[in-house]
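Remarks on the structure that follows.
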Amino acid sequence: MNEKDILSEQSKLTPADLTRQLRQHLDSLRAAGVYWLPAEPPQAGGGSDGAVPIANASGPSPADDREQRRHELTVLAERVSGCQRCTELVVSRSRTVFGVGPLDAELCFVGEAPGATEDQRGEPFVGEAGQLLNRIIAACGMKREDVYICNICKCRPPGNRQPTAQEAGNCREYLERQLELVRPKFICALGACAAQNLLGTSQSIGKLRGRFHDYKGIPVLCTYHPAFLLPGRSPHKKRDVWEDMKKLLARMGRPVPGR
Ligand code: SF4
């Protein structure tokens, strides 16, 4: 959808539509941990998210750099919460689900799209698959709050269908900027949809998993999505996921916790 289409769609909105969108927008911001908004519009010469260029020729200090990235991530989450690019998802979502975790996380998990629970809570991987992801993270000797977690698509597709190529493409800019700002040292792509979209390939997850790929210089390990491992689907694939995670731990220089 181009800008002209978006403007044309928006001109058809009723006051009730606008109120619903505003409520969604504020809910999404709260869920992404945003409790304030910049009072001023982006400055001329600033970045696309209103970031002010840094004048110091020697570059910002590490603390200033982190503060700047934290601010830009907040502004990005705010932009995403008002995003109208995917017509169907804008209507079906309760709120956008941006991502959680610390800046400079050693590891970032990238999934497909929010499900029903995530859509309600505004946080990725908090449903049944999320509980399993938490156990995988714990089995690796880490805590959920140590890692960054996000999705390819920031809005829940209706009926939990996969995001279309166009929806994933619409959301790509946000994911790329998010990863640029968070700066994870390693990425773990969960499931075929996340792996294929992140890496720009159509290879199956069976072929992609268990080895390292590259995303802009960041090593990426692909494995099965936790939802695929739940009872009634393919729980026997947990063994493969654990093998994948052991490879990831080895590459990260971390010990494999005793089982
Ligand atoms: S999925 Fe991404 S691009 Fe589409 S409406 Fe949601 S935030 Fe916007």
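How long is the gain from Lys207 to Asn160 if the chain were fully straight, where each residue apart is worth 0.36 nm and the alpha carbon distance is subtracted?
Details: separation 47, 0.36 × 47 = 16.92 nm, distance 2.44 nm.
Fully extending the segment from Lys207 to Asn160 adds 14.5 nm.
Residue-wise, which Karplus ³J(HN,Hα) couplings in Hz belong to segment 85-97, taking 6.51 cos²θ - 1.76 cosθ + 1.60, θ = phi - 60°, and x for glycine or proline?
Values, residue by residue: 5, 9, 3, 5, 6, 4, 7, 7, 6, 8, 6, 7, 10 Hz.
The numbers here are math on the coordinates, done by the rules we state, and not lab data. Treat the numbers as computed from the prediction; the structure is a model and nothing was measured.
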